[in-house]
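The values are calculated or read from the model by the stated rules, or taken from the named source; none is laboratory data. Computed from a predicted structure; not experimentally measured. Note that we place each Cβ from the backbone using ideal geometry, even for glycine, and neighbour counts take in every protein chain shown. Remember, those area values only see protein heavy atoms, side chains included, never the ligands or the DNA or RNA. Shrake-Rupley method; radii C 1.70, N 1.55, O 1.52, S 1.80 Å.
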Amino acid sequence: MRNVLFFNYPDLFASQEEEFQQTFLDVGRRGAFIKQRELKEFEKCLASFLGVRHALGVGNATDGLEVALLAAGVGPGDEVILSSHTMLATAVAVHFAGGTPVPVECGPDHLIDPAAVEAALTSRTRAIMPTQLNGRTCDMDALGRIAERHGLLIVEDAAQALGSRYKGRCAGTFGIASAISFYPAKVLGCLGDGGAVVTNDTAVYEHASELCNFGRDASGAVVRWGFNSRLDNLHAAMLHFQLNKYGQVMCRRRQLAALYTERLGDVAEIVLPPAPDSDPDHFDIYQNYEIEAEKRDELKQHLKDHGIGTLIQWNGEAIHHLKALGFTQQLRYTDRLFTRLLMLPMNMSLADEDVHYVCDNIREFYGYSQ
Ligand SMILES: *Cc1c(COP(=O)(O)O)cnc(C)c1O
């Protein structure tokens with residue numbers, strides 16, 4: 001029996017141990033821990049990678065989303081529409097910015113359904129917060145039209161989508177501001193928490209920088225209330241060397257996705273994510289490989305019995321399921337979808353043979369020949 005981990009945390013370090021150690025020694029010996037050269041350089045490199053004016057390192061993407069909302073002007077009384085199929089972080093950011101998160105249905109692509117956004121609009125709606133889920137970018141044309149027609153802001157949750165593109169444009173660069181996560185299991189991961197706020201708007205960037213640094217502006221003067229949320233200089237350095245080889249990472253993940261498609265495309269009991277290049281409008285980076293499966297729980301157990309780790313995203317709870325937080329929405333499509341979702345291993349530690357082994361076991365479970 002093979003052992004295929006859902007995500008191999010030690011391997012994130014081990015696979016690049018020398019570079020991590022060198023960076024640690026170099027930064028450590030110089031005592032360059034907070035707001036030093038490496039952070040500035042990484043922010044510049046990230047902005048240029050995304051084709052955007054500003055990137056700001058922050059403590060994590062949850063902070064980043066809150067900062068993006070606050071700097072964009074979202075506040076008390078504002079409703080913000082988001083997909084119920086997102087991390088709790090998206091809704092948390094709206095809540096702590098003072099607004100009200102309004103979860104709506106996703107579509108068959110697992111991304112926010114533009115028709116559902118339209119149906120949820122009220123006089124208090126201030127922003128749409130599309131989550132670029134699983135490394136795929138939403139239909140930003142449709143969302144952009146709705147936002148324009150109703151004078152709404154777009155603040156993207158691009159935590160899972162660094163390098164994902166829609167019609168050639170990077171996730172995180174469509175709205176007024178967005179946030180990206182560098183949590184270890186994200187496609188670009190550091191050795192702890194980290195994130196970035198991304199924006200083309202210089203005033204929003206300055207406002208966001210102030211919020212994250214005790215309300216101090218570039219000259220050091222206190223100009224507003226702010227808190228402390230910064231990306232560690234050490235983490236910035238570790239992210240920078242990984243960003244330099246990010247092209248290969250995206251390429252490898254897309255290869256793995258293509259292999260899953262090749263091996264599982266004929267299995268009628270499951271629905272796969274779109275294959276790479278199956279739609280010229282989308283360039284997916286496959287942060288996750290989330291399938292829909294009949295007899296999902298039995299399949300998960302079968303794979304577990306054969307040494308294969310899988311994960312049900314968000315512990316199987318959509319945002320509107322979180323009754324303790326006061327949500328009362330009824331979302332039938334998402335309810336049904338959440339009985340079917342399962343994420344297969346998708347990470348840089350996988351060998352082709354691992355994917356074959358996963359696929360062999362899925363085929364066996366549904367009674368297909370190898
Ligand atoms: C990971 C994630 C976040 C939060 O990122 P952190 O850096 O852990 O705060 C937010 N939204 C989505 C969709 C995520 O996957």
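On a full-extension model of 0.36 nm per residue, what is the gain between Asp217 and Thr122, subtracting their alpha-carbon distance, rounded to one decimal in nm?
30.6 nm
Considering only Pro108, Met250, Phe13, whose Cα is most displaced toward the positive end of the charge dipole of the chain, charges sitting on Cβ of Lys, Arg (+1) and Asp, Glu (-1)?
Phe13
Out of the total accessible area of the chain (probe 1.4 Å, heavy atoms of protein only), what percent is carbon and sulfur? Walk me through the numbers on the way to the answer.
On the way: 8210 of 15880 Å².
Carbon and sulfur atoms account for 52 percent of the accessible area of the chain.
Points 7 angstrom from Cα along the Cβ direction at Lys295 and Asp141: gap in nanometres?
4.1
So what's the projected area for the chain, the Cα convex hull averaged over all directions, in nm²?
18.4
Once fully extended, how much extra length lies between Asp281 and Thr339, figured as 0.36 nm per residue of separation less the alpha-carbon to alpha-carbon distance? It would help to have the intermediate numbers written out before the result.
Working: separation 58, 0.36 × 58 = 20.88 nm, distance 2.90 nm.
Using 0.36 nm per residue and subtracting the Cα-Cα distance, I get 18.0 nm.
Using a simple spin-label model with points 7 Å from Cα along the Cα→Cβ vector, what separation in nm is obtained for Arg224 and His356?
The modelled label-to-label distance comes out at 5.6 nm.
Relative contact order (percent) for the chain, with alpha-carbon contacts under 8 angstrom and 6 or more residues of separation?
Working: 767 pairs, mean separation 78.4, N = 370.
21 percent.
Could you give the distance between the Cα centres of segment 246-277 and segment 79-99, to the whole Å?
30
How far apart, in nm, are the 7 Å Cα→Cβ label points at Ala14 and Tyr366?
3.3
Of the beta bridges DSSP finds with both residues in the chain, what % are antiparallel, to the nearest 5? Walk me through the numbers on the way to the answer.
Working: 23 of 39 bridges.
Here the antiparallel bridges make up roughly 60 percent for the chain.
I'd like the FRET efficiency for Arg149 and Ser48, computed as 1/(1 + (r/R0)^6) with the beta carbon distance as r and R0 of 41 Å, rounded to 0.05.
0.80
So which of Lys167/Lys245; Lys35/Lys167; Lys295/Lys323; Lys35/Lys245 end up more than 28 Å apart by C-alpha?
On the way: Lys167/Lys245 23 Å; Lys35/Lys167 35 Å; Lys295/Lys323 26 Å; Lys35/Lys245 24 Å.
Too far apart for the 28 Å limit: Lys35/Lys167.
Classify segment 218-341: rounded, prolate or oblate, from the alpha-carbon gyration tensor (a ≥ b ≥ c, eigenvalue square roots; a/c under 1.5 rounded; otherwise prolate if a/b is larger than b/c)? Spell out each step's value before the answer.
On the way: a/c = 2.27, a/b = 1.35, b/c = 1.68.
In terms of gyration-tensor shape, oblate.
Could you do me a favour and compute the accessible area per residue for segment 246-366, 1.4 Å probe, result in Å²?
45
Could you order Leu121, Leu350 by accessible surface area, starting with the largest, using a probe radius of 1.4 Å?
Numbers: Leu121 40, Leu350 15 Å².
Correct descending sequence by accessible area is Leu121, Leu350.
Starting from the Cα of Ala185, step 7 Å toward the Cβ, then list every residue of segment 88-104 with an amide N under 17 Å from that point.
Taking a point 7 Å out along Cα→Cβ of Ala185, the residues of segment 88-104 whose backbone N falls under 17 Å are 88-90.
Take Trp314, Trp225 and sort them by solvent-accessible surface of the protein heavy atoms, 1.4 Å probe, largest at the top.
Sorted by accessible area, descending: Trp225, Trp314.
What's the magnitude of the charge dipole for the chain around its Cα centre, counting Lys and Arg as +1 and Asp and Glu as -1 at the beta-carbon? Answer in Debye, nearest 20.
Around 780 debye, computed over the chain.
Identify, among Thr202, Gln313, Met348, the residue whose Cα sits farthest towards the positive end of the charge dipole of the chain, taking +1 on the Cβ of Lys and Arg and -1 on the Cβ of Asp and Glu, with the dipole about the Cα centre.
Thr202
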